[in-house]
1. So in segment 21-41, with the set limited to residues that are among the charged types (D, E, K, R) and in contact (Cβ under 8 Å) with a residue 24 or more places away in the chain, which one is farthest from residue 106 (Cα to Cα)?
2. Looking only at segment 37-91, which residues are among the acidic types (Asp, Glu) and closer than 17 Å to residue 113 by Cβ?
3. Could you look through segment 180-218, keep only residues that are touching a Leu at 6+ places or on another chain (Cβ under 9 Å) and within 15 Å of residue 90 (Cβ to Cβ), and pick out the one that is surrounded by the fewest Cβ atoms within 10 Å (Cβ to Cβ)?
4. If a residue has to be among the aliphatic types (A, V, I, L, M), in a strand (DSSP E or B) and under 27 Å from the mean Cα position of the chain (by Cα) to count, how many in segment 31-66 make the cut?
5. Say we look at segment 89-125 and pick out the residues that are touching a helix residue (DSSP H, G or I) at 6+ places or on another chain (Cβ under 9 Å) and in a loop (DSSP other than H, G, I, E, B); which of these is nearest to residue 204 (Cα to Cα)?
6. Select from segment 97-120 the residues that are of a type outside the set (Ser, Thr, Tyr) and at pLDDT below 85 and write down the one among them that is nearest to residue 78 (Cα to Cα).
Amino acid sequence: MYLVYLENIAFPLAPGKIAMKIKGRNETAELIDGQEITLFKSPGLTEIQFSLLLPAREGFAGAYYPQGYRMAEEYLDAIERFQTGKRPVRLIITRQFPDGEAYFDTNMLVSLEEYSITESAAEGFDLQVDLRLKRWVEYGTRVLQMSETAQGQMVVTEATARESHREMPKRYTVKAGDTLWAICKKELGDGSRYQEIAAKNGIANPTRIYPGQVISFA
């Protein structure tokens with residue numbers, strides 16, 4: 001069983017298949033004597049492609065709505081926001097064996113590169129959405145400061161921002177539409193800690209939390 005989330009939106013039907021492509025960026029160079037060598041470089045950004053089926057009506061066989069039923073238009077509106085928002089979104093894919101045992105998860109920031117919507121008379125009003133995502137890696141600029149020593153030499157140092165300290169919350173009450181990753185991002189400043197917090201609270205499946213549930217961070 002798959003569950004696919006983009007930000008806090010859980011999609012009702014899992015993709016039939018998920019393709020991840022990691023591009024190599026190594027280069028080949030030729031030495032003076034004619035021998036070829038490989039120049040190793042870091043891999044390129046991972047690309048993810050899959051298709052989602054959005055049922056037109058509630059009651060579609062196999063559809064699962066952990067956050068309550070939503071119409072297809074709501075998912076399309078969210079997908080459009082993810083592409084036009086000019087910011088990365090969180091992709092979470094959970095995998096579970098038929099006996100309920102959890103497999104591994106995919107959890108990364110991505111950009112929504114493109115998507116297409118297909119309607120078919122054979123499928124009624126159900127919609128197929130094909131998405132192409134690309135992993136997003138955080139980057140930033142370095143702030144350098146120049147100062148002069150007593151001997152008149154110029155020294156360049158990297159400026160460091162002062163860390164802000166805040167009191168960490170002790171608990172949180174789950175609201176409708178929450179995901180554990182989003183809760184950890186909001187309350188702890190780090191969504192990747194969702195598995196750690198799930199373990200602390202005895203949550204076997206981090207994707208299944210419910211309104212009113214109390215999450216402890218202590």
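The values are calculated or read from the model by the stated rules, or taken from the named source; none is laboratory data. It should be emphasised that the depicted structure is a prediction, and the values quoted were computed from it without experimental measurement. As a convention, Cβ positions derive from the backbone with ideal geometry for all residues, glycine included, and neighbour counts pool all protein chains shown.
1. Keep residues of segment 21-41 that are among the charged types (D, E, K, R), which gives 21, 23, 25, 27, 30, 33, 36, 41.
Then drop every residue that is not in contact (Cβ under 8 Å) with a residue 24 or more places away in the chain, which leaves 21, 23.
On the way: 21: 14, 23: 18 Å.
Filtering segment 21-41 for residues that are among the charged types (D, E, K, R) and in contact (Cβ under 8 Å) with a residue 24 or more places away in the chain, the one farthest from residue 106 (Cα to Cα) comes out as 23.
2. Applying the first criterion (among the acidic types (Asp, Glu)) to segment 37-91 yields 47, 58, 73-74, 77, 80.
Those that are among the acidic types (Asp, Glu) and closer than 17 Å to residue 113 by Cβ: 47, 80.
3. 195
4. Residues in segment 31-66 being among the aliphatic types (A, V, I, L, M), in a strand (DSSP E or B) and under 27 Å from the mean Cα position of the chain (by Cα): 4 in total.
5. 105
6. In the first step, residues of segment 97-120 are kept if they are of a type outside the set (Ser, Thr, Tyr); the result is 97-102, 104-105, 107-110, 112-114, 117, 119.
Right, trim to at pLDDT below 85 and you get 97-102, 104-105.
Numbers: 97: 29, 98: 30, 99: 32, 100: 29, 101: 30, 102: 28, 104: 26, 105: 22 Å.
Among those residues, the one meeting the criterion is 105.
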